[in-house]
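Novice: Here's a structure for you.
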Amino acid sequence: MWCLVIPLQAGAAGIPGMSSGSEKEQAPSPKELQASLEQVIGVLESDQQRTALLKQLKQLRQASQEAAAENGGSEGGGLLGALASSLESGEGQNNGKALLAIWRDRAGAAWQDLQEDFGNTRQWWLGVRDFGLTLLAWAGMATLFYFMLRRVLYHYGLRLELTDQPTALTMLRYCLRRVVPWAVAFGLTLTATSWLESSSGIVLALTLGYATVCGMIFASVCEVVFALFTWGHRRVALRILRRQAGWPLFAIGALAALGDATNSAIITRTLGDDLAGFLSEFIGLCAILVSGAFIIRFKRPVRHLIRNRPYHQRRDRRLVSELLLVLGNIWHIPALLVVGASLIAVASYSGDVRSDFGRAVLTAGLLVVMLIIGGLLYRSSQRAPERRRTRYGKRLVRFGYALAHLGSWIVFAELAARIWGGSLLNASNGQLGERIMLSLISVGVTLLVAWLVWIIADTAIHRAMTSTSRSQRGRARRARAETITPLLRNIVFVTIVVITAIVVLANLGVNVTPLLAGAGVIGLAVGFGAQTLVQDLITGIFILVEDTLAIDDFVDVGGNVGTVEKLSLRTVRLRDLDGILHAVPFSQIKAVQNYSREFGYALFRIRVPHAMPIDDAIAMIQAVADELREDALFRFKIWSPLELQGIESFDQGAAIVRARFRTAPVMQWDVAREFNLRLKRRMDAAGVDLAMPRMSVTLENAEALRAAGQSESARQPASRPRYRLRAGSALSAETLERLGVEERHGRATDAPGDSGAGDGATTPHP
């Protein structure tokens, strides 16, 4: 049997279009061909051999299908691979001919029919004569009837044109005046030509007359329908349609009737199949183009006719009004869809144009329903009751409406596919449809999941930053939130977009491995080249997130002390006490000393005067503290009573009292300055001098020292001044040095004389 199959395959390979043109195959000899034919005939005559051959052919077909499936699966996955497969599978359709080539071939066949019908000059002139006479007779009778009817209407005083609000009788007279003369004339012409010998000229003239009458009927009916919408603020739109839409409507009706008439049996017999078919397709194409132009040109007037309503209907906001409003806004979309589907069906010579047109009408009807549902969903989302919802709830509600819109579109796509003989859910027709369906579903689900993740993440960031800014002090925390929120949102958004793009590209069939590798290399290069910048950004992010710094904080960062004026992702700007602005990168900040958080301490170290008892000093300090706490300006800056911590130390005989206030942040220095000022005023009022460092000096043998000093003064009156030392007098070291008294090992003597008048013991004195 395989010997029989091989010659059959060789014969198939020799068919034009199934073998490569670059290789020339050797033609079989007549004897070999005769032997092969005899063998095939013998196999077909035997039932057993024929059954075996059929079985082997089925096995061969199954093997070829499996091989083709394996090749198709290795071509590339995803949507792009499926589309490429569909394009490759469609290359052999229409005998490999392009659309223009098909039209060129049909035009050539129509030209041949035209030459056969009117190639003879005498036959041509006879056809033109019959066409002209028939058309002239019909037009003459129609004109005569028109003027006769016009005179009758004028005689009885009847209006010839439509008014703004015509009655039913007026619309009927208008239609009769426009249609009856041409229709009666056409009927008489048709009756008269039926007694004559049929010719191509007469048939063509009657066909043209029939199309003209149909065009007039169509235009008149449309104008009557337009006249029904004269109420409800529609007069301007109606006036535009009456003035400008008459001839386009007539052309649409006439071309549609003419295209349908050329498909009739009598026209086909008269002109030939190819010529009649070509004229029908061409005229139908012209009718479709004129219809599309009419829809685009008069989109707005027709929309006003549909949606404009009286005031009481607009006020009530009923469901019918809402539907008409939505329909008026989208009426041109299904109309253009029908036009587009018809145009594709006619231009591609799909065969059954009427069936395609019916499917297009059904698809347009479904589209109208879907658009109405979508419009109602949109208006429902816009007119939803104003409830107190969180930001998260509002965004989820919007996501739900978007999901409902997407669901309606999916249902429309499934129903439209079933109308055209397919299904999105049925993948049994072939692997190509299944791959396209799975790719589209994967892309759609990926986008929906990415959108939902973004809504959740963005809402969480917003709520976290809002709660932080509300719970702590306002302006600084708002500034922190305004600094961090865009950064976090951008990071999350870019991450979601990148991941979504990678997944979508993978679903489309793009190999994302080189993209990921390239992104990794670029990220590594950027990381090495901008280490300081990356360090600044990372440190700044942690400082901002941990709330270490905030605007208006008084801080010490790396030796720079000042008030924070601005925070960015890379630097912090400080204004010091001298007014100098410092920009410090975050990477240079090793430690932060923040003086503006929670509270501060106004710390005092007060030197008590020597002559003032310590209890009196403590009482005076406490009185000044109580007075300061009662002050209207400082009462809100001081958060605690004065905390006396006792005597911290002694400094040159004076006691150092330590005390402190707990104050508002950054207010400790103001409180300390005001406390010191009030304490100084209280001491001045009490006549108490602030303690100065002093030393108590005791002189032994003071009388001998005084006598020695007097004798020395007598001898050198001009070189050294005279002075007296009283026992128990307290003189400072500088005073003793200025007076020429030295302190040596606890004794004070006259420096120049060194009289050695006893030891002087020095002891601290409070």
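Novice: Among the residues of segment 588-636, which ones are of a type in the set (D, E, K, R) and more than 30 Å from ASP536 (Cβ to Cβ)?
Specialist: In the first step, residues of segment 588-636 are kept if they are of a type in the set (D, E, K, R); the result is 590, 597-598, 605, 607, 615-616, 626-627, 629-631, 635.
If the condition is that a residue be of a type in the set (D, E, K, R) and more than 30 Å from ASP536 (Cβ to Cβ), then ARG605, ARG607, ASP615, ASP616, ASP626, GLU627, ARG629, GLU630, ASP631, ARG635 are the ones that fit.
Novice: Tally the residues that are surrounded by 17 or more Cβ atoms within 10 Å (Cβ to Cβ), aliphatic (A, V, I, L, M) and free of Cβ contacts under 8 Å to residues at least 60 places away in the same chain, restricting the search to segment 437-456.
Specialist: So the answer is 2.
Novice: Still on this structure: Could we say that ARG658 is surrounded by fewer than 19 Cβ atoms within 10 Å (Cβ to Cβ) and part of a strand (DSSP E or B) here?
Specialist: On the way: surrounded by fewer than 19 Cβ atoms within 10 Å (Cβ to Cβ): yes; part of a strand (DSSP E or B): yes.
So ARG658 fits the description; yes.
Novice: Can you name the residue in segment 556-571 that is touching a residue at least 24 places away in the same chain (Cβ under 8 Å) and of a type in the set (A, V, I, L, M, F, W, C) and is also surrounded by the fewest Cβ atoms within 10 Å (Cβ to Cβ) among such residues?
Specialist: As a first pass, look at segment 556-571 and keep what is touching a residue at least 24 places away in the same chain (Cβ under 8 Å): 556-558, 560, 567-571.
Within this subset, residues satisfying the condition of being of a type in the set (A, V, I, L, M, F, W, C) are 557, 567, 569.
On the way: VAL557: 23, LEU567: 23, LEU569: 17.
Taking the candidates together, the pick is LEU569.
Novice: Shifting gears a bit: Of a type in the set (S, T, N, Q), surrounded by 17 or more Cβ atoms within 10 Å (Cβ to Cβ) and under 26 Å from ALA664 (Cα atoms), is that true of SER587?
Specialist: no
Novice: In addition: Could you pull out the residue among LEU196, LEU208, LEU204, LEU190 that is in contact (Cβ under 8 Å) with a residue 60 or more places away in the chain, surrounded by fewer than 20 Cβ atoms within 10 Å (Cβ to Cβ) and out of contact with any Gly (no Cβ under 6 Å at 6 or more places or on another chain)? Walk me through it before giving the result.
Specialist: Numbers: LEU196 fails: in contact (Cβ under 8 Å) with a residue 60 or more places away in the chain; LEU204 fails: surrounded by fewer than 20 Cβ atoms within 10 Å (Cβ to Cβ); LEU190 fails: in contact (Cβ under 8 Å) with a residue 60 or more places away in the chain.
When all the criteria are applied, what remains is LEU208.
Novice: Say whether the condition of being more than 43 Å from the chain's Cα centre (by Cα) and of a type in the set (A, V, I, L, M) is met by at least one residue in segment 280-297.
Specialist: Just the residues of segment 280-297 that are more than 43 Å from the chain's Cα centre (by Cα), to begin with: 280-283.
Within this subset, residues satisfying the condition of being of a type in the set (A, V, I, L, M) are 283.
Looking for residues that are more than 43 Å from the chain's Cα centre (by Cα) and of a type in the set (A, V, I, L, M), one finds at least one in segment 280-297, hence yes.
Novice: Only one residue in ASP553, ASP547 is over 14 Å from GLN588 (Cβ atoms) and at pLDDT 80 or above, so which one is that? Step through it out loud before you land on a result.
Specialist: Details: ASP547 fails: at pLDDT 80 or above.
Residue meeting the stated conditions: ASP553.
Novice: Can you name the residue in segment 102-156 that is in contact with a helix residue (DSSP H, G or I) (Cβ under 7 Å, 6 or more places away or on another chain) and among the aromatic types (Phe, Trp, Tyr) and, of all such residues, is surrounded by the most Cβ atoms within 10 Å (Cβ to Cβ)?
Specialist: So, considering only residues that are in contact with a helix residue (DSSP H, G or I) (Cβ under 7 Å, 6 or more places away or on another chain) and among the aromatic types (Phe, Trp, Tyr), the one surrounded by the most Cβ atoms within 10 Å (Cβ to Cβ) is TRP138.
Novice: I've got another one for you. Which count do you get for residues in segment 487-528 that are polar (S, T, N, Q) and either over 19 Å from the mean Cα position of the chain (by Cα) or surrounded by 14 or more Cβ atoms within 10 Å (Cβ to Cβ) (or both)?
Specialist: So in segment 487-528, the residues polar (S, T, N, Q) come out as 490, 495, 500, 507, 511, 513.
Still in the list and also either over 19 Å from the mean Cα position of the chain (by Cα) or surrounded by 14 or more Cβ atoms within 10 Å (Cβ to Cβ) (or both): 500, 507, 511, 513.
The qualifying residues number 4.
Novice: Right, here's the next one. Check PHE218, PHE282, PHE250 and return the single one that is surrounded by 15 or more Cβ atoms within 10 Å (Cβ to Cβ) and within 26 Å of GLN123 (Cβ to Cβ). Talk me through it step by step, then tell me what you get.
Specialist: Details: PHE218 fails: within 26 Å of GLN123 (Cβ to Cβ); PHE250 fails: within 26 Å of GLN123 (Cβ to Cβ).
Answer to the check: PHE282.
Novice: Answer with yes or no whether PHE147 is more than 23 Å from LEU204 (Cβ to Cβ), of a type in the set (Phe, Trp, Tyr) and modelled with pLDDT of 85 or more. It would help to see each step written out before you state the result.
Specialist: On the way: more than 23 Å from LEU204 (Cβ to Cβ): yes; of a type in the set (Phe, Trp, Tyr): yes; modelled with pLDDT of 85 or more: yes.
In short, yes.
Novice: Residues that are modelled with pLDDT under 70, at least 1 per element: which helices (runs of 4 or more DSSP H) completely within segment 269-356 meet that?
Specialist: Values: elements: 273-297, 299-307, 311-316, 319-330, 332-347.
The helices (runs of 4 or more DSSP H) meeting that bar are 311-316, 319-330.
Novice: Go through segment 213-242 and give me each residue that's touching a helix residue (DSSP H, G or I) at 6+ places or on another chain (Cβ under 6 Å), within 25 Å of PRO181 (Cα to Cα) and not hydrophobic (A, V, I, L, M, F, W, C).
Specialist: GLY215, SER220 - these are the residues of segment 213-242 that are touching a helix residue (DSSP H, G or I) at 6+ places or on another chain (Cβ under 6 Å), within 25 Å of PRO181 (Cα to Cα) and not hydrophobic (A, V, I, L, M, F, W, C).
Novice: Of (1) surrounded by fewer than 18 Cβ atoms within 10 Å (Cβ to Cβ); (2) out of contact with any Gly (no Cβ under 9 Å at 6 or more places or on another chain); (3) touching a residue at least 60 places away in the same chain (Cβ under 8 Å); (4) among the small types (Gly, Ala, Ser), SER649 satisfies all except one. Which?
Specialist: The single condition SER649 does not satisfy is (3).
Novice: Which one of these does ALA691 not meet: (1) part of a loop (DSSP other than H, G, I, E, B); (2) at pLDDT 80 or above; (3) of a type in the set (Gly, Ala, Ser)?
Specialist: Here ALA691 meets the rest and fails (2).
Novice: Which of (1) surrounded by fewer than 15 Cβ atoms within 10 Å (Cβ to Cβ); (2) under 24 Å from GLY140 (Cα atoms) does VAL213 not meet, given it meets every other one?
Specialist: Among (1) surrounded by fewer than 15 Cβ atoms within 10 Å (Cβ to Cβ); (2) under 24 Å from GLY140 (Cα atoms), VAL213 violates only (1).
Novice: Shifting gears a bit: With touching a Ser or Thr at 6+ places or on another chain (Cβ under 7 Å) and touching a residue at least 60 places away in the same chain (Cβ under 8 Å) as the only criterion, which of ASP536, ASP553 stands out?
Specialist: Residue meeting the stated conditions: ASP553.
Novice: Then there is this: Out of ALA632, ALA623, ALA664, which single residue is loosely packed, with under 15 Cβ neighbours inside 10 Å and under 60 Å from the mean Cα position of the chain (by Cα)?
Specialist: Numbers: ALA623 fails: under 60 Å from the mean Cα position of the chain (by Cα); ALA664 fails: loosely packed, with under 15 Cβ neighbours inside 10 Å.
The unique qualifying residue is ALA632.
Novice: Tell me the helices (runs of 4 or more DSSP H) entirely within segment 190-263 that contain at least 3 residues that are farther than 23 Å from ASN308 by Cα and touching a Ser or Thr at 6+ places or on another chain (Cβ under 8 Å). Walk me through how you get there before you give the answer.
Specialist: On the way: elements: 200-227, 235-244, 246-261.
In segment 190-263, the matching helices (runs of 4 or more DSSP H) lie at 200-227, 246-261.
Novice: Could you list all residues from segment 144-158 that are free of Cβ contacts under 8 Å to residues at least 40 places away in the same chain, assigned to a helix (DSSP H, G or I) and closer than 17 Å to CYS175 by Cα?
Specialist: The answer is TYR146, PHE147, MET148, LEU149, ARG150, ARG151, VAL152, LEU153, TYR154.
The values are calculated or read from the model by the stated rules, or taken from the named source; none is laboratory data. All values reported here derive from a predicted model rather than from experimental measurement. FYI the Cβ positions are ideal-geometry reconstructions off the backbone, even for glycines, and counts take in every protein chain you see.
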